[in-house]
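The values are calculated or read from the model by the stated rules, or taken from the named source; none is laboratory data. Small disclaimer: the values here were computed from a predicted structure and weren't measured. FYI the Cβ positions are ideal-geometry reconstructions off the backbone, even for glycines, and counts take in every protein chain you see. To get the accessible areas, we keep the full protein, side chains included, count just its heavy atoms, and leave off ligands, DNA and RNA. Shrake-Rupley method; radii C 1.70, N 1.55, O 1.52, S 1.80 Å.
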Amino acid sequence: MPIDDLTALGQKMREARKKKDLTQQELADLSHVSVKQIANIEKGKMNPSYLILKALAKVLPISLDSLINPDIFPEDEGANQMKIHIVLNCIFQILHLTNSQLSPL
């Protein structure tokens, strides 16, 4: 992740934490991510793993989409989840049709 992206990620994390009125220590306790890691993420000094982002996103009022893509608008958050749901639904319907059309050997 480029430095600018890490800085944007850190700013979003800090804003989300403050929006929920949590200290870094409280966020650490709830997410099981260390205070040092949270501080480094918020300063843009750490490129967090997917597991760390996932743990923080469970506690904070923010989606993984918006953390990973700094250019995403709040109204677009979760749009990828809807796309995934639609694609999986289509695949399920295709499989169901294919299976129902098969004749026993």
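Quick notes on this structure:
- Scanning the range 21-38 for residues that are open to solvent by 20 Å² or more (accessible area, probe 1.4 Å) and either part of a helix (DSSP H, G or I) or modelled with pLDDT under 95 (or both) gives 24, 25, 26, 29, 30, 35, 36, 37.
- Cross-chain or 6+ apart pairs with Cβ under 7 Å, the range 16-28 first and closer than 17 Å to residue 53 by Cα, then open to solvent by less than 100 Å² (accessible area, probe 1.4 Å) and among the aromatic types (Phe, Trp, Tyr): none
- Residue list for the range 1-20, filter: over 16 Å from residue 69 (Cα atoms) and part of a loop (DSSP other than H, G, I, E, B): 20
- Taken across the range 39-58, residues that are at negative phi, modelled with pLDDT under 90, out of contact with any Cys (no Cβ under 8 Å at 6 or more places or on another chain) and β-branched (Val, Ile, Thr) do not occur at all.
- Selection count, the range 39-60, where residues are in a loop (DSSP other than H, G, I, E, B) and β-branched (Val, Ile, Thr): 0
- Failed item in (1) at pLDDT below 90; (2) of a type in the set (A, V, I, L, M, F, W, C); (3) not in a helix (DSSP H, G or I), with residue 91 passing the rest: (3)
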